[in-house]
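Worksheet for the structure shown next.
The values are calculated or read from the model by the stated rules, or taken from the named source; none is laboratory data. Note that this is a predicted model, so its numbers are computed, not measured. Because the Cβ atoms are built from the backbone with ideal geometry, glycine has one as well, and the counts that use them run over all protein chains shown. Surface accessibility is based on the protein's heavy atoms, side chains included, excluding ligands, DNA and RNA. Shrake-Rupley method; radii C 1.70, N 1.55, O 1.52, S 1.80 Å.
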Amino acid sequence: MTTPLSPPGAERTDGSSVKLGALVPLSRPGWVEAGRHLLAGLELAVREINDAGGIAGRPLELVVRDTAADPQRAAAAVDELARLGVAALAGEYHSVVARAAAARADALGLPFLCSSAVLDALTEQPTEWVARLAPAQSHGWRIYADFLLGAGHRRIAVAADSSVYWASGARVLRDHLAPRGGTVIELDMRALTPAAVCDELAGNRATALLLLVGYPEPAVSIVKSVRRDQRLAEIMMGAPAGQPEFAGWAALLGGDSAAIPFLRYLPERLSPLGARVETALRERLAEAPSFVAFEGYDTVAVLTDVLRSHGADRARTAGSWARVAVEGTRGQIRFSRAPGISVWQWAWPPVQVVDRDPAEPDRFRILHAG
């Protein structure tokens, strides 16, 4: 027997589940490791919510769709999830994919709490339907630029792939560094091999190279080439987008994985809630959880609070972002309208610049906090 779908935004009261749509990169070319951590956080929170009685006695059900880092696939998934009657959307890691999902959710009138994507222009126009937990790229990458200046770097090369996300990041760095005496030298990875990158670095007197490129390739090959080039023994490599956060980075690069600073969104010390969730995530993942796993958990915590307070009506959910006050794993979550940001924004999650310790690559060192 087929149960007819409820009209969009309708609230079910027959004891059926409250559905949340989840957008997650679970296959290549998506960043599968990030997707796995994001999904682990989402699933852990859903399990805990259901163990505590669900949403007014109704179980919370996660309906997962793999975006595979494909904007068109994500937009199609939003359409499908809307037809399936989800109360809201959660997730996504890749910024360009999240932008496509946010545009579709806005057009359909479907609330979307974006977990991890940081691109400032998540939607072209201001919207009431979309909120975000991750800090905007302009916020986090300015903190990274301050770290570079504090470490004495004024001539900074960026090895950049072609995408809206990398171009946006390079622009944030350039705009923040230039008034403070910094120079950004762009190396176009559409035209350069890793060996050619080394030649460029040797000739332009840069003291830092930032990897604004895909993972694992060409990021891993660039790191290996630079590490083996004696001309570049003093150059610092960095990865503001967070590639070294995941265990796969260390597995691929071994000792070369260390001393490459990146951004992560965790406090210096986790709260009791954060510590408990960390333990549960570690058990679920069989490895240390990344900040992305905490973002997944916090996403469901926020949406659960909204659904318990306002029911599963989509319009009421979208109208409640300004009233959210939820204790998440990384601090209290509230949303506001941040200047230049078109969605409701948690301003701001904790931001750190960290790297892997050369003496112990599985251990992270906090280098700077914003």
_Given a 10 angstrom Cα cut-off, can you work out which residue in V32, V164, V172 is the most mobile in a GNM of the chain?_
V164
*Rank A247, A280, A178 by mean-square fluctuation in a GNM of the chain with C-alpha springs under 10 angstrom and give only the top-ranked residue.*
A178
_Distance between the range 25-67 and the range 244-291 - C-alpha centres, whole angstrom_ = 19 Å
*In nanometres, what is the gap between the two model label sites at R269 and R363, each 7 Å from Cα along Cα-to-Cβ?*
1.9 nm
_If I build a Gaussian network model for the chain, linking alpha-carbon pairs within less than 10 angstrom, which residue out of G254, G54, G214 has the largest mean-square fluctuation?_
G254
*Express the carbon and sulfur contribution to the solvent-accessible surface of the chain as a percent, rounded to the nearest whole number, probe 1.4 angstrom.*
51 percent
*asked:* Accessible area per residue for the chain in Å², computed with a 1.4 Å probe and the full protein assembly in place, what is it?
replied: 40 Å²
*DSSP beta bridges in the chain, what fraction antiparallel, as a percent rounded to 5?*
30 percent
*asked:* Take D79 and A151, extend 7 Å from each Cα along the Cα→Cβ direction, and tell me the distance between the two endpoints in nm.
replied: 4.5 nm
*Count charges around R180 for me, please; just the other residues with Cβ under 15 Å from its Cβ, Lys/Arg as +1, Asp/Glu as -1.*
+2
*How would you rank 120-127, 269-276, 102-109, highest first, on the average number of other Cβ atoms within 10 Å across their residues?*
102-109, 120-127, 269-276
*Theoretical ellipticity at 222 nm over the chain - DSSP helices of four or more residues, -39500 (n - 2.57) apiece, nearest 500*: -12000 deg cm²/dmol
*asked:* As an exercise, use a Förster radius of 30 Å and the Cβ-Cβ distance of R180 and A322 to find the FRET efficiency, rounded to the nearest 0.05.
replied: 0.30
*First measure r as the distance between the Cβ atoms of E217 and D51, then evaluate 1/(1 + (r/R0)^6) with R0 = 30 Å and state the FRET efficiency to the nearest 0.05.*
0.15
*Between the range 95-169 and the range 206-229, the alpha-carbon center distance in angstrom*: 22 Å
*Just read off the accessible area of W348 with the full protein assembly in place, 1.4 Å probe, to the nearest 10 Å².*
90 Å²
